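Take a look at the structure set out below.
The values are calculated or read from the model by the stated rules, or taken from the named source; none is laboratory data. Because the structure is a prediction, the values reported are computed rather than measured. A quick note on method: Cβ atoms are made from the backbone with ideal geometry, for glycine too, and the neighbour counts reach across all protein chains shown. Just the protein is used for accessible areas: all its heavy atoms, side chains included, with ligands, DNA and RNA removed. Shrake-Rupley method; radii C 1.70, N 1.55, O 1.52, S 1.80 Å.
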Amino acid sequence: MEMILGFAVLLVCLFLGIRHGGIGLAVISGIGLMLYTFVFHYKPGTPPIGVMLTILAVVTCAGFLQTSGGLTVMLKYAEKFLRNNPKHITILAPVTTWFLTVLCGTGHVVYTMFPIIYDISIKQNIRPERPMAVSSVASQMGVSASPVSVAVVSIVGFMAAAGQNYSLLQILSISVPATLFGVLCAAFYSYRRGKDLEKDEAFQEMIKDPEQKEYIYGDNETLQGRELPSSYYHATGIFLIGIICIAILGNFPDLLPHFPNAKGKMAAISMTTVIQMVMLFVSALILFACKTKAKEVGNSQVFRAGIVALVSVYGVAWMADTYFASHMGVLKTFLGSVVTQHPWTYGLVLFFTSKLVNSQGAAVAIVMPMALGLGMDPVMVMSFLPACYGYFFLPTYPSDLACIGFDRSGTTRIGKFVLNHSFMLPGLIGVICACGMSFVIAHAIL
């Protein structure tokens, strides 16, 4: 009975937290922690300090990238690529938003791409819903494939804490091709979804009004033809070199400094520590080489979003660890066999937890340590990495809402029954196909 009541406290805190956003989720987790410690008398768990420090270093670097103009360079080339291939916007736009997220570690870069994708599609008489909805989905699927995302650095940290020495490159060798495959599957589905604009009665009725037609077909701002300072390009180059260095060091541990471990044996420093140092070093290079104003970094969109994710992971992971650690014996007995015999249930739990907390990083922080603690095969854990993206299930995530707002044609929308929205099928197809591919790759290379 106590275990059920404790789980109810966990769920209530999560439900209350998501109504107030990421920081709200973190502080409301404090209510759960107080109840667990002073009422249920659970021993307080341990916040994932290593994971949190890595997230902090990564979002700091991403903030310097945006403030220095390096992100603008990436967006300019992304727009040029799409405008040079307008007829295939439904396929190329989601691949582009996925790739930008992989580079930058956050799906929030997609906001700048939405008006570009809309402008290209409407000028080509392509139903905007087709490229826009799947591009929103693709931008979030790229999170679990980015070496500098909260979710991936969390995975590295939790795997290391569980004694599983998978390199960052091993994780990315699964998640990158798997999520790209999922994005392509969702894009090909979207290629002919919905009515063509000339056959859409509601759209044709709308554009009979000259003012409405001008609103729908009006021009958007563009980065093309805009001269960018050389410092913007320098920032982009420094950041990309940093990403490459992390990948190389993660794949060749012999290159890392070695120090005596607790047993007195020489061992390489952990990749979480390496990521932290490289990201801070890259930030310093951008600061000096590009004359970036450090005071403005805290105001950047990417930095603010990353800090919210950091605080969210802090609170929710600490609360979850306190509950699950107190009942690990019972959980191993009752849930261990279920997860072992039916590992797909882990994917479902991860998927719906992601929707519950609206964060891939927070979902990983809640579910992965529990699964590893239950003795689940790490290969199976790695097989369902793309399932940490489930918050498209209800159209409440900011990028999905922004996508609807940027589609002036009204084709990207929420249906009468809420669940029949524009992101549902691309999201389900993308995640399911990505999980299938990651299952195959994980069992082939690990």
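Observations on the model:
- LEU11 meets all of the listed conditions (1) more than 25 Å from the chain's Cα centre (by Cα); (2) free of Cβ contacts under 8 Å to residues at least 40 places away in the same chain; (3) surrounded by fewer than 16 Cβ atoms within 10 Å (Cβ to Cβ) but one, namely (1).
- Of all the residues in region 279-291, those that are surrounded by fewer than 22 Cβ atoms within 10 Å (Cβ to Cβ) and touching a helix residue (DSSP H, G or I) at 6+ places or on another chain (Cβ under 9 Å) number 7.
- Residues that are in contact (Cβ under 8 Å) with a residue 40 or more places away in the chain and either open to solvent by 20 Å² or more (accessible area, probe 1.4 Å) or among the small types (Gly, Ala, Ser) (or both), drawn from region 353-362: LEU356, ASN358, SER359, GLY361, ALA362
- Single condition LYS76 does not satisfy, out of (1) charged (D, E, K, R); (2) buried (at least 17 other Cβ atoms within 10 Å of the Cβ); (3) within 30 Å of TYR323 (Cβ to Cβ): (3)
- Given (1) closer than 23 Å to GLN164 by Cα; (2) in contact (Cβ under 8 Å) with a residue 12 or more places away in the chain, number of the condition VAL440 does not satisfy: (2)
- Matching residues, region 246-266, being crowded, with 16+ Cβ neighbours inside 10 Å and free of Cβ contacts under 8 Å to residues at least 24 places away in the same chain: LEU256
- Residue-level check: of (1) in contact with a helix residue (DSSP H, G or I) (Cβ under 7 Å, 6 or more places away or on another chain); (2) part of a loop (DSSP other than H, G, I, E, B); (3) farther than 30 Å from PRO47 by Cα, TYR391 misses just (3).
- Number of positions in region 386-403 that are among the hydrophobic types (A, V, I, L, M, F, W, C), surrounded by 22 or more Cβ atoms within 10 Å (Cβ to Cβ) and more than 20 Å from GLY306 (Cβ to Cβ): 3
- Wholly within region 312-385, helices (runs of 4 or more DSSP H) carrying at least 2 residues that are modelled with pLDDT of 85 or more and under 14 Å from GLY157 (Cα atoms): 360-373, 378-383
- Single match in GLU129, GLU211, GLU198 (criterion: among the acidic types (Asp, Glu), modelled with pLDDT under 90 and open to solvent by 10 Å² or more (accessible area, probe 1.4 Å)): GLU211
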